[in-house]
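Engineer: Let me begin by handing over the structure; questions about it come next.
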Amino acid sequence: MLERHVFLIGMPGCGKSSLGKRVAGNMRIPYVDMDQRISDIVGCTVSEMFERYGEQAFRNAETNTLIQLTRETPSLISTGGGTVLRENNRAIMRNSGVIVLIDRPLEEILGDIKLDRRPLLAQKGLGEVERLYHERIDIYRSVADFVMDNSNGYHAGLRGLEQIMRHMGC
Ligand code: S3P
């Protein structure tokens with residue numbers, strides 16, 4: 001049982017969703033994928049939401065989802081790669097939980113990121129992933145309570161995240 005939320009943050013392609021979903025399942029902890037939650041509510045994919053309503057509408061939905069989550073059972077939560085960009089979002093996460101950075105080296109992200117599912121990146125390509133990484137990495141590191149080094153493959157990542165969750169009382 002978790003006492004507070006655990007928010008996974010980090011770059012697109014760092015492993016927030018794949019690790020989060022699996023660890024929550026293994027440890028029987030409630031799990032929320034924020035992108036999935038938003039697309040279920042809006043009734044379209046995140047890519048379609050960007051196209052139809054624009055990035056600001058999506059960012060507002062992220063903030064509203066975080067506010068809603070503060071009223072729910074403590075869960076393991078995969079955020080979107082840009083959720084940390086708003087100071088307000090950072091404050092909500094800090095006040096309602098613990099923040100874990102899934103820290104994956106840029107070269108590995110570039111090696112296997114699925115651009116087609118990521119509207120901000122799809123048109124601009126890998127150069128944009130690199131630009132976002134350099135723009136965001138200091139923000140990710142400064143807001144994180146824990147940093148999980150995800151440079152040793154998926155299974156080591158699972159173990160690393162499970163260790164942090166155990167530290168949180170799971
Ligand atoms: C975004 C990352 C995406 C999604 C949206 C915006 C970003 O989530 O929230 O496309 O700004 O980095 P992932 O980090 O799961 O790809």
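Engineer: Return one quarter of the surface area of the convex hull spanned by the alpha-carbon atoms of region 101-170, equal to its mean projected area, in nm².
Structural biologist: Its average projected convex-hull area is 5.4 nm².
Engineer: Sort His167, His5 by heavy-atom solvent-accessible area, probe 1.4 angstrom, most to least.
Structural biologist: Result, largest first: His167, His5.
Engineer: Please give the peptides 69-76, 13-20 ranked by average Cβ packing (other Cβ atoms within 10 Å per residue), highest first, as a rough proxy for protection.
Structural biologist: In descending order of packing, they fall as 13-20, 69-76.
Engineer: Can you show me the helix-derived [θ] at 222 nm for the chain, built from DSSP H runs with n ≥ 4 at -39,500 (n - 2.57) apiece and divided by the number of residues, rounded to the nearest 500.
Structural biologist: -17000 deg cm²/dmol
Engineer: Dividing the alpha-carbon radius of gyration of region 44-132 by 2.2 N^0.38 Å (N being the number of residues), what value is obtained?
Structural biologist: Compactness ratio reported: 1.18.
Engineer: Which value, in Å to one decimal place, does the Kirkwood hydrodynamic radius take for the chain when every pair of different Cα atoms is included?
Structural biologist: Taking the inverse mean of 1/r over all distinct Cα pairs, the chain comes out at 16.1 Å.
Engineer: Name the residues whose placed amide hydrogens come within less than 5 Å of the amide hydrogen of Ile113, ignoring near sequence neighbours (fewer than 5 apart) on the same chain.
Structural biologist: none
The values are calculated or read from the model by the stated rules, or taken from the named source; none is laboratory data. Quantities reported herein were computed from a predicted structural model and do not represent experimental measurements. Using ideal geometry, Cβ is built from the backbone for each residue, glycine included, and neighbour counts are taken over all protein chains shown. These accessible areas exclude ligands, DNA and RNA; they are computed on the full protein's heavy atoms, side chains included. Shrake-Rupley method; radii C 1.70, N 1.55, O 1.52, S 1.80 Å.
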